[in-house]
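K.L.:
Pasting a structure here, questions to come.
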Amino acid sequence: MRLLTDAMLGTLTTYLRFAGHDTAYALEEGVEADDAVLGLADRENRRLVTRDRGLAARGSGSFLLTERDVEDQLAELAGQGLDLSVPDEPTRCGSCNGVLERVPAGEPTPGYAPVAASSDSEGFRVWRCVDCGQHFWKGSHWERMAGTLAGL
């Protein structure tokens, strides 16, 4: 599902991307005013996720959230029917929303990332964002986020 989160939902944006949703974040897109947010959602065929009642009422099919805590927000979205299951492999960059591709075994990775291994070896599978170049792997951060989503 294609989503747009408003300026109040930066942390939630990362979780939605982790769950595989193509999620634009209003502040990353340089929009903050209500009309600009609604225009972006309409142009890009995205469902708005917001805590702003007035904004939600103006957006077609918006997800209105009432909670401030990200885990409670995730529970609200799950209760409204949004699939928040954890994919077998990451598909979206948590930083920029770009598509991820698997790094071939043995290809160099930055110092902060483990060496990429083949899928049938004991090493790490590593993914790279095609847009910003950030690298991802299933480490403790993946486990924490997956645990949060599984606990819904």
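K.L.:
If the Cβ limit is 6 Å and pairs must be 6+ apart or interchain, which residue in segment 53-73 that is farther than 16 Å from residue 148 by Cα pairs with which residue that is part of a loop (DSSP other than H, G, I, E, B) and modelled with pLDDT of 95 or more?
P.N.:
56/62; 63/80; 65/51
K.L.:
Taking the condition loosely packed, with under 15 Cβ neighbours inside 10 Å, acidic (Asp, Glu), more than 14 Å from the chain's Cα centre (by Cα) and under 25 Å from residue 48 (Cβ atoms), does residue 67 pass?
P.N.:
In short, yes.
K.L.:
Which residue, of 146, 113, is over 15 Å from residue 21 (Cα atoms), outside the structural domain of residue 12 (by TED's automatic domain parsing) and among the aliphatic types (A, V, I, L, M)? Don't jump to the end; show me each part of the working.
P.N.:
Values: 146 fails: over 15 Å from residue 21 (Cα atoms).
Criteria check complete, one pass: 113.
K.L.:
Something else about it: With touching a helix residue (DSSP H, G or I) at 6+ places or on another chain (Cβ under 9 Å) and either assigned to a loop (DSSP other than H, G, I, E, B) or more than 21 Å from residue 152 (Cα to Cα) (or both) as the only criterion, which of 87, 104 stands out? Before you say what the answer is, go through the steps one by one.
P.N.:
On the way: 104 fails: touching a helix residue (DSSP H, G or I) at 6+ places or on another chain (Cβ under 9 Å).
Unique residue meeting the criteria: 87.
K.L.:
When segment 50-84 is examined, which residues are found to be more than 27 Å from residue 142 (Cβ to Cβ) and part of a helix (DSSP H, G or I)?
P.N.:
Scanning segment 50-84 gives 53, 54, 55, 56, 57, 58.
K.L.:
Now a separate question. Based on what the data block shows, is residue 56 at pLDDT below 95, small (Gly, Ala, Ser) and surrounded by 15 or more Cβ atoms within 10 Å (Cβ to Cβ)? Can you show your working first?
P.N.:
Values: at pLDDT below 95: no; small (Gly, Ala, Ser): yes; surrounded by 15 or more Cβ atoms within 10 Å (Cβ to Cβ): yes.
So residue 56 fails the test.
K.L.:
Tell me whether segment 20-28 contains one or more residues that are on the phi > 0 side of the Ramachandran plot and not aliphatic (A, V, I, L, M). Talk me through it step by step, then tell me what you get.
P.N.:
Quick first cut of segment 20-28, residues on the phi > 0 side of the Ramachandran plot only: 20.
So of that shortlist, the ones also not aliphatic (A, V, I, L, M) come out as 20.
Taking every residue of segment 20-28 in turn, at least one turns out to be on the phi > 0 side of the Ramachandran plot and not aliphatic (A, V, I, L, M).
K.L.:
Given 90, 108, 104, which one is surrounded by 14 or more Cβ atoms within 10 Å (Cβ to Cβ) and either closer than 23 Å to residue 9 by Cα or not hydrophobic (A, V, I, L, M, F, W, C) (or both)? Walk me through how you get there before you give the answer.
P.N.:
Working: 108 fails: surrounded by 14 or more Cβ atoms within 10 Å (Cβ to Cβ); 104 fails: surrounded by 14 or more Cβ atoms within 10 Å (Cβ to Cβ).
Answer to the check: 90.
K.L.:
Of the conditions (1) closer than 18 Å to residue 2 by Cβ; (2) outside any loop (DSSP other than H, G, I, E, B); (3) among the polar types (S, T, N, Q), residue 97 fails just one. Which one is it?
P.N.:
Answer for residue 97: the failing condition is (2).
K.L.:
Evaluate segment 7-21: report whether one residue or more is more than 26 Å from residue 150 (Cβ to Cβ) and crowded, with 23+ Cβ neighbours inside 10 Å. So that I can check it myself, show each step before the final result.
P.N.:
Our first condition is that a residue be more than 26 Å from residue 150 (Cβ to Cβ); within segment 7-21, this holds for 7.
Now narrow it down to the ones that are crowded, with 23+ Cβ neighbours inside 10 Å: none.
Checked segment 7-21: no residue is more than 26 Å from residue 150 (Cβ to Cβ) and crowded, with 23+ Cβ neighbours inside 10 Å.
The values are calculated or read from the model by the stated rules, or taken from the named source; none is laboratory data. All of these numbers come straight from a predicted model, not from anything done at the bench. Heads up, the Cβs are rebuilt from the backbone with ideal geometry, glycines too, and the neighbour counts pull from every protein chain shown.
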